[in-house]
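The values are calculated or read from the model by the stated rules, or taken from the named source; none is laboratory data. None of the values given here were measured: they were computed from a predicted structure. Using ideal geometry, Cβ is built from the backbone for each residue, glycine included, and neighbour counts are taken over all protein chains shown.
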Amino acid sequence: MGLFDRYAGLLEAYRDVRTTGYDPFQIRMERVLSPTEAIINGRKMLLVGTNNYFGLTFDPSCMEAAIEAIRAEGTGTTGSRIANGSYTEHVALEQEIAEFYGKKHCMVFTTGYQANLGLISTLAGEGDQLLIDADSHASIYDACKMTQAEVVRFKHNDPSSLEARLRRLGDRPGNRVVVLEGIYSMLGDSAPLREFIDVCKKYGAYVIVDEAHSLGALGDNGRGLCESTGVIDDCHFIVGTFSKTLGAIGGYCVSDEPDFDILRVTVRSYMFTASLPPSIVASVRQALKVVKAKPELRTQLWSNVATLYEGLAAKGFKLGPEHGPVVGVHLPDRMTAIGFWRAMLDAGIYVNVAVPPATPNGVSLLRCSVCAVHTKEQLEHMIEVMTGIGRQLGVLDDRTLRVVGGAR
Amino acid sequence: MKHGVTICHFTRNRCFWHKVTAHPRALESVLRTAHQMIVETDGMTDTLERARVSGQSRGEVIREICRHLAPFQTGERPITGGTVIAKDLTIDSLAIMDMVMELEDHFDISIPMNVVAEIHTVDQLADTIQKLCARR
Ligand SMILES: Cc1ncc(COP(=O)(O)O)c(C=O)c1O
């Protein structure tokens, strides 16, 4: 068997994807103009697939902070925190994030993926039981491959399914570690966190919540779902990323666990990779200040979400179950999703296409992510374009058009 | 004391009837290992009851697995104990994990992901389920 033979099925699927003439996995942004516009294939495109929820990638104060940091401390750290030392700013960033959550400790990682990978696989060790939501992000699944713990999946967003699995463990020894996400990245739905926490408390389980898509978006201070559902104190570990709302790159974990700092010499994805460069640390620190100072960005984000979600629902599109900064549009199959995506690109709008096996339950989706700085006109234009394509591809018919708002 | 059971043994399109008379312990192992259903018994013993309730009969387990796998069957080839789930059927790895979740709830057991990774055939999946049911 050749090295690549095992990917025969995937190669075939990938070939299908490319039949439209564009490869969604190798889109080139020739020039990014702003959080909502870029030149792709020589044309100005509206970007609705960037995870740039607050549009902070071009925030002048964040950009200035990054530039200043480069002038002061250079372009990179050229080593890991453990082997090569921390910069004062790494430590300051950790303190600021810990304060933001009102937690005692914070550890910053080079990406959110590495934060999940390292933390989850280290926290749950031999003899422990790790329980994860079926729709967990790849970083959580990959942690499951690395952990020595026993891993069991429960049904997506279903506290009773988690409870059944905790109950079945009975009085077996070992820590129970439950991993949840604030907002799920494909359909934009959020976890019933309070109900999950109740179950975890009942069975004495530790809780890790990944707020990757909810940082900034949820909670009166933008701390995420743990804040909006009032359970920050009940979450043993909160993980997140700097690569979405904060417009840069990096990951973090906050916690009140007294011995938290031992993770700095046990989590391999922290120890054996280079630390964040000064420019990133500086822009993230500034972005966190912007999140605190400008709650109107959150209001604007949700108002844009409502415009897009309700607009598409009214046209008869089948969407994710609730409003969220990610709006997932269900399409009947992989080829329709890819055709739809390509037609959107031709019409000057960039969104993401998500097809099995990267999606839950084998669904095919157009994944749109909303930005606080999208204008109402941009989103209304998008709804119009999608309606046209939807009719052309037979995804919307006259019958569904009459069922105003009946999209579930 | 010996007990007798009549067993209907399905193989492909044929079905065989056995009358088995043995000690309860031996009967239990017959029930656990064959792809079949008990049809009648001459007086239930505790052992048989345990095989039926805490342990699941092999037939029941196989039938439940096949119910989930049927939509992924290819052509005329029947699903048997030797069917390699990920290879002989059109089911992808995510759908296998989702099926496992359904089986877990049906039998009220949990099958850890690392155990699932070692399972290739329908028989191996049934073995695992029976083993976990017996341990409940
Ligand atoms: C839920 C979730 N967790 C973690 C990550 C990883 O974040 P990062 O981009 O910082 O590696 C992502 C982003 O893809 C995500 O969606």
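Per-residue answers, yes or no, for (1) free of Cβ contacts under 8 Å to residues at least 40 places away in the same chain; (2) more than 11 Å from the ligand (Cβ to nearest atom):
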{"site": "A:LEU169", "(1), (2)": "no, yes"}
{"site": "A:VAL179", "(1), (2)": "no, no"}
{"site": "A:MET186", "(1), (2)": "no, no"}
{"site": "A:VAL209", "(1), (2)": "yes, no"}
{"site": "A:GLY230", "(1), (2)": "yes, yes"}
{"site": "A:ASP234", "(1), (2)": "yes, yes"}
{"site": "A:LEU246", "(1), (2)": "no, no"}
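Restricting attention to the stretch A:10-62, which residues are in a helix (DSSP H, G or I), among the aliphatic types (A, V, I, L, M) and surrounded by fewer than 17 Cβ atoms within 10 Å (Cβ to Cβ)?
Filtering the stretch A:10-62 for residues in a helix (DSSP H, G or I) gives A:10-18, A:24-26, A:56-58, A:60-62.
Within this subset, residues satisfying the condition of being among the aliphatic types (A, V, I, L, M) are A:10-11, A:13, A:17, A:56.
The answer is A:LEU10, A:LEU11, A:ALA13.
Test A:SER275 against the stated conditions and say whether it is in the same structural domain as A:ALA83 (by TED's automatic domain parsing), buried (at least 22 other Cβ atoms within 10 Å of the Cβ) and within 16 Å of the ligand (Cβ to nearest atom).
Here the answer is yes, as A:SER275 does meet what is asked.
Within the stretch A:157-252, considering only strands (runs of 3 or more DSSP E) that don't extend past its boundaries, which have at least 3 residues that are modelled with pLDDT of 95 or more and farther than 19 Å from A:ARG298 by Cβ?
Those strands (runs of 3 or more DSSP E) span A:176-181, A:206-210.
Residue by residue through the stretch A:133-146, note down the ones that are surrounded by 20 or more Cβ atoms within 10 Å (Cβ to Cβ) and more than 9 Å from chain B (Cβ to nearest Cβ).
Going through the stretch A:133-146, the residues surrounded by 20 or more Cβ atoms within 10 Å (Cβ to Cβ) turn out to be A:133, A:135-137, A:139-140, A:143-144.
Scanning the stretch A:133-146 gives A:ASP133, A:ASP135, A:SER136, A:HIS137, A:SER139, A:ILE140, A:ALA143.
Among what's in the stretch A:154-187 and is within 9 Å of chain B (Cβ to nearest Cβ) and touching a helix residue (DSSP H, G or I) at 6+ places or on another chain (Cβ under 6 Å), pick the residue that is nearest to A:CYS253 (Cα to Cα).
Taking the candidates together, the pick is A:PHE154.
Give A:TYR270, A:TYR252 a once-over and let me know the one that is more than 14 Å from chain B (Cβ to nearest Cβ), within 11 Å of the ligand (Cβ to nearest atom) and either surrounded by 16 or more Cβ atoms within 10 Å (Cβ to Cβ) or not aromatic (Phe, Trp, Tyr) (or both).
Criteria check complete, one pass: A:TYR252.
What pairs come up if the first residue lies in the stretch B:107-120 and is at the interface with chain A (Cβ under 10 Å from one of its Cβ atoms) and free of Cβ contacts under 8 Å to residues at least 24 places away in the same chain, the second is hydroxyl-bearing (Ser, Thr, Tyr) and surrounded by 15 or more Cβ atoms within 10 Å (Cβ to Cβ), and their beta carbons are under 8 Å apart, counting only those six or more places apart or on different chains?
From residues that are at the interface with chain A (Cβ under 10 Å from one of its Cβ atoms) and free of Cβ contacts under 8 Å to residues at least 24 places away in the same chain, the pairs are B:ILE111/B:THR128; B:VAL115/B:THR128.
Does any residue in the stretch A:121-136 that is under 13 Å from A:TYR184 (Cβ atoms) come within less than 6 Å, Cβ to Cβ, of a residue that is part of a helix (DSSP H, G or I) six or more places away or on a different chain, and which pairs are these?
Close Cβ pairs (under 6 Å, with a partner that is part of a helix (DSSP H, G or I)) amount to A:ILE132/A:ILE140; A:ASP135/A:PRO360.
Filter the stretch A:95-122 for residues that are within 16 Å of the ligand (Cβ to nearest atom), of a type outside the set (Val, Ile, Thr) and more than 14 Å from chain B (Cβ to nearest Cβ) and give the result.
If the condition is that a residue be within 16 Å of the ligand (Cβ to nearest atom), of a type outside the set (Val, Ile, Thr) and more than 14 Å from chain B (Cβ to nearest Cβ), then A:CYS106, A:MET107, A:PHE109, A:GLY112, A:TYR113, A:GLN114, A:ALA115, A:ASN116, A:LEU117, A:GLY118, A:LEU119 are the ones that fit.
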